[in-house]
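So the structure is just underneath, and the comments pick up after that.
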Amino acid sequence: MPTAPQHPPLHDTVRAVTDRIRARSAATRAAYVQRIDAAARDDSVERSHLGCTNLAHGYAAAPKGDKIWLRQQRAPNIAIVSSYNDMLSAHQPLAAYPDWIKQAARDVGATAQFAGGVPAMCDGVTQGQAGMELSLFSRDVIAMATAVALSHNMFDATLCLGVCDKIVPGLLIGALSFGHLPTIFVPGGPMGTGQSNEEKTKVRQRHAAGELDDAALLEAEEKSYHGPGTCTFYGTANSNQMLMEIMGLHLPGTAFVPPGTALREALTRASAQRVVQLTRHSAQYTPVGHVVDERAVVNGIVGLLATGGSTNHTLHLVAIARAAGIVINWDDFDALSNVVPLLARVYPNGSADVNAFQAAGGVALVIRELLGVGLLHADVRTVAGPEGLWHYTQHPVLHNGSLTWVEAPAHSGDPSIIATAQAPFSPDGGLRLLQGNLGRAVIKVSAVKPAHRVVEAPALVLRDQHELQEAYHRGELNRDLVAVVLGQGPRANGMPELHALTPLLTNLQDQGFKVALVTDGRMSGASGKVPAAIHVTPEVLAGGPLGKVRTGDLIRLDADAGTLQALVPETEWAARTPIELDVIPYQVGTGRELFAGLRQRVSGAEQGAMTFGWTEQGET
């Protein structure tokens with residue numbers, strides 16, 4: 001096996017942020033590690049602790065050959081937890097995986113069982129619909145479903161099959177609740193390149209302006225979303241795959257291999273065989289709760305910033321970290337963003353899609369560049385081996401039908417898509433913290449031109465995105481404005497994404513007006529070129545000051561200075577009370593009433609919009 005290369009010293013800011021997180025998390029992380037280490041118990045297989053009746057139930061339906069091994073209680077047994085469904089393009093390829101995994105496990109003297117399925121909803125399908133108000137909470141439902149699947153104590157390791165927005169974070173949160181088990185993530189890969197994302201966006205803008213009818217829009221959308229695999233823009237789904245790679249939870253180079261290829265199948269089979277090598281019966285025992293430590297979390301933030309990834313991970317990474325007893329906040333993102341350069345231009349931060357990003361060198365090249373300037377922790381544990389992150393500067397190839405890894409090219413295949421750390425697209429990262437008398441928010445600036453990063457304009461206060469759409473179509477928005485969309489936080493209505501606003505606001509900006517969006521809702525990884533202060537915390541329903549804004553107030557959003565202010569005299573501002581929201585219409589119908597308990601329990605956006613917690617962590 002090649003030896004780990006030498007890397008430069010860790011950057012001072014990365015070290016300082018990691019030390020700050022480690023100190024902040026000392027008690028909660030220690031409690032978590034103690035709990036998962038106690039769960040590991042001994043080096044016997046997990047099911048050996050079950051009674052005879054329990055055990056017989058656990059393999060009653062297994063094939064005869066597998067049943068022999070399961071009865072003997074010596075061979076490791078892998079849990080398959082999958083988000084497969086055949087409606088969603090990203091998850092449809094997962095149908096074939098269980099059979100591949102089971103046979104690959106048998107080939108190395110192990111077994112695998114399909115432990116459980118988890119829901120997988122698509123924000124693309126529910127965008128602008130009431131169903132979107134279930135989307136964020138689906139992450140925690142997926143985490144719970146993962147825990148249910150693993151609760152039978154039949155399993156020695158886990159393979160998590162999932163791709164998209166809430167699915168991967170939910171699977172990981174659930175897996176971390178069984179943190180003593182080794183876990184590898186197995187994705188499906190991106191669909192082939194269709195109509196360019198830029199052309200798709202232009203068509204959407206023309207439709208929003210009334211220049212194209214629904215038939216023309218549908219034809220364009222079908223050219224963009226046309227086959228199995230993940231959407232090809234760099235939104236939350238593909239940010240997930242980058243994160244699983246840079247946090248050491250994929251086999252190296254797994255993220256962006258297309259479905260339906262021999263390499264994709266080989267990587268899936270190899271994941272099954274590798275996770276067997278990581279179980280307690282092996283000298284390489286690697287529980288997922290020890291892979292996801294403070295260093296891995298910081299590496300994830302750095303990767304997100306360096307690639308211009310999804311703003312959704314200012315929620316999801318916080319929740320993932322909390323599930324491992326690690327406490328992070330937006331100050332950590334902001335501090336790292338000041339020193340992490342932007343190395344990738346993938347739509348919406350550029351014209352390329354993830355297939356072009358992969359061809360230019362992909363995640364392996366980005367990791368190599370970041371390691372080369374000390375911006376990543378090199379000395380982490382990963383599913384590829386204990387020697388560190390350098391494994392992830394390699395990519396997989398098939399040679400005469402055998403899977404192997406080789407060093408990724410040392411230079412970008414397309415400098416317009418992946419830059420060097422010495423000559424980045426921007427010297428700082430794509431996410432920033434905004435704060436002021438409206439609360440705390442995040443903004444994705446990697447796609448926003450510098451000329452649009454400071455907006456000072458009158459507020460237009462709106463209760464939901466449909467009010468803005470109606471005002472736009474009445475021709476009432478042809479002016480400078482800051483659209484303030486209230487009552488979109490997790491307690492109020494589940495914090496839906498508000499992408500229906502993007503084409504409208506973009507049209508206004510393109511007409512020369514100064515426009516911005518301020519909301520306690522979400523925009524996610526597809527956030528475009530209009531400045532958007534999102535995730536404003538505290539949310540309005542929790543008494544957040546955003547609820548004090550009135551139409552006509554002058555609002556200043558300054559992404560350069562990191563401020564978000566209502567320019568209202570202090571005495572007047574202090575005397576105001578937040579608007580009273582009628583949330584009932586947003587909490588019933590389309591299954592929303594079933595999520596009432598989650599809305600009551602959910603934390604703020606900066607705290608991960610979580611509905612879960614453990615008493616030993618001090619969480620409620």
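For first residues located in segment 585-600 and touching a residue at least 12 places away in the same chain (Cβ under 8 Å), partners that are of a type in the set (A, V, I, L, M, F, W, C) and surrounded by fewer than 13 Cβ atoms within 10 Å (Cβ to Cβ) and lie 6+ apart or on another chain with Cβ distances below 6 Å do not occur. Counting the residues of segment 574-605 that are open to solvent by 50 Å² or more (accessible area, probe 1.4 Å), among the polar types (S, T, N, Q) and over 14 Å from Gly547 (Cβ atoms) gives 2. Taking the criterion of being under 23 Å from Ser603 (Cβ atoms) and among the small types (Gly, Ala, Ser), the residues of segment 132-161 that qualify are Ser135, Ser138, Ala143, Ala145, Ala147. Answer yes or no as to whether His395 is part of a strand (DSSP E or B) and open to solvent by 10 Å² or more (accessible area, probe 1.4 Å). Judged against the criteria, His395 is a match. Among the numbered conditions (1) within 33 Å of the chain's Cα centre (by Cα); (2) open to solvent by 70 Å² or more (accessible area, probe 1.4 Å); (3) not small (Gly, Ala, Ser), the only one that Leu88 does not meet is (2).
Quick check on this structure: which one of Gln6, Gln73 is among the polar types (S, T, N, Q) and in contact with a helix residue (DSSP H, G or I) (Cβ under 6 Å, 6 or more places away or on another chain)? Steps first, answer last, please.
Working: Gln6 fails: in contact with a helix residue (DSSP H, G or I) (Cβ under 6 Å, 6 or more places away or on another chain).
Gln73 is the lone residue from the list that is among the polar types (S, T, N, Q) and in contact with a helix residue (DSSP H, G or I) (Cβ under 6 Å, 6 or more places away or on another chain).
For Leu304, the requirement of being within 28 Å of Asn400 (Cα to Cα), part of a helix (DSSP H, G or I) and of a type in the set (A, V, I, L, M) is not met. Listed residues Gln241, Gln273; which is open to solvent by 10 Å² or more (accessible area, probe 1.4 Å) and either touching a residue at least 60 places away in the same chain (Cβ under 8 Å) or over 20 Å from Val445 (Cα atoms) (or both)? That would be Gln273, the only listed residue that is open to solvent by 10 Å² or more (accessible area, probe 1.4 Å) and either touching a residue at least 60 places away in the same chain (Cβ under 8 Å) or over 20 Å from Val445 (Cα atoms) (or both).
Across segment 452-462, not a single residue is classified as of a type outside the set (D, E, K, R), open to solvent by less than 10 Å² (accessible area, probe 1.4 Å), out of contact with any Asp or Glu (no Cβ under 8 Å at 6 or more places or on another chain) and assigned to a helix (DSSP H, G or I).
In segment 409-427, the residue that is surrounded by the most Cβ atoms within 10 Å (Cβ to Cβ) out of those that are out of contact with any Phe, Trp or Tyr (no Cβ under 8 Å at 6 or more places or on another chain) and aliphatic (A, V, I, L, M) is Ala421.
Conditions (1) on the phi > 0 side of the Ramachandran plot; (2) open to solvent by 10 Å² or more (accessible area, probe 1.4 Å); (3) in contact with a Leu (Cβ under 6 Å, 6 or more places away or on another chain); (4) of a type in the set (Gly, Ala, Ser), marked per residue:
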| site | (1), (2), (3), (4) |
| --- | --- |
| Gln284 | no, yes, yes, no |
| Ala296 | no, no, no, yes |
| His316 | no, no, no, no |
| Arg322 | no, yes, no, no |
| Ile328 | no, no, no, no |
| Ser337 | no, no, yes, yes |
| Ala344 | no, no, no, yes |
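Let's see how each residue does on (1) without any contact (Cβ under 8 Å) to a residue 60 or more places away in the chain; (2) out of contact with any Phe, Trp or Tyr (no Cβ under 7 Å at 6 or more places or on another chain); (3) closer than 24 Å to Gly613 by Cβ:
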{"residue": "Val298", "(1), (2), (3)": "no, yes, yes"}
{"residue": "Val302", "(1), (2), (3)": "no, yes, no"}
{"residue": "Ile320", "(1), (2), (3)": "no, yes, yes"}
{"residue": "Gly325", "(1), (2), (3)": "no, no, yes"}
{"residue": "Ala344", "(1), (2), (3)": "no, no, no"}
{"residue": "Gly362", "(1), (2), (3)": "no, no, no"}
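Kindly indicate which of Glu211, Glu219 is closer than 19 Å to Gln511 by Cα and open to solvent by 40 Å² or more (accessible area, probe 1.4 Å).
Exactly one of Glu211, Glu219 is closer than 19 Å to Gln511 by Cα and open to solvent by 40 Å² or more (accessible area, probe 1.4 Å), namely Glu211.
Residues of segment 355-390 that are farther than 21 Å from Ile417 by Cα, in contact with a strand residue (DSSP E or B) (Cβ under 6 Å, 6 or more places away or on another chain) and either part of a strand (DSSP E or B) or of a type outside the set (A, V, I, L, M) (or both): none at all. If you go through segment 592-614 and keep only what is hydroxyl-bearing (Ser, Thr, Tyr) and in contact with a helix residue (DSSP H, G or I) (Cβ under 7 Å, 6 or more places away or on another chain), you end up with just Thr611. Residues of segment 71-93 that are modelled with pLDDT of 90 or more and farther than 30 Å from Cys122 by Cα: Ala75, Pro76, Asn77. In the set Ala215, Ala270, only one residue is modelled with pLDDT of 95 or more and either assigned to a loop (DSSP other than H, G, I, E, B) or over 20 Å from Asn197 (Cβ atoms) (or both); that residue is Ala270. The condition of being modelled with pLDDT of 90 or more, assigned to a helix (DSSP H, G or I), touching a strand residue (DSSP E or B) at 6+ places or on another chain (Cβ under 9 Å) and not hydrophobic (A, V, I, L, M, F, W, C) holds for Glu467.
Taking the stated definitions as given, is Arg20 in contact (Cβ under 8 Å) with a residue 12 or more places away in the chain, open to solvent by 30 Å² or more (accessible area, probe 1.4 Å) and within 28 Å of the chain's Cα centre (by Cα)? Against the criterion (in contact (Cβ under 8 Å) with a residue 12 or more places away in the chain, open to solvent by 30 Å² or more (accessible area, probe 1.4 Å) and within 28 Å of the chain's Cα centre (by Cα)), Arg20 qualifies.
Find the helices (runs of 4 or more DSSP H) located wholly in segment 114-208 whose residues include 1 or more that are open to solvent by 20 Å² or more (accessible area, probe 1.4 Å) and more than 23 Å from Thr502 (Cα to Cα), and list them. Step through it out loud before you land on a result.
Numbers: elements: 123-126, 135-150, 167-176, 197-208.
Answer list for segment 114-208: 135-150.
The values are calculated or read from the model by the stated rules, or taken from the named source; none is laboratory data. Bear in mind that the values here come from a model prediction, so they are computed numbers and not experimental data. FYI the Cβ positions are ideal-geometry reconstructions off the backbone, even for glycines, and counts take in every protein chain you see. Note: accessible area is taken over every heavy atom of the protein model, side chains too, but ligands, DNA and RNA are not part of it. Shrake-Rupley method; radii C 1.70, N 1.55, O 1.52, S 1.80 Å.
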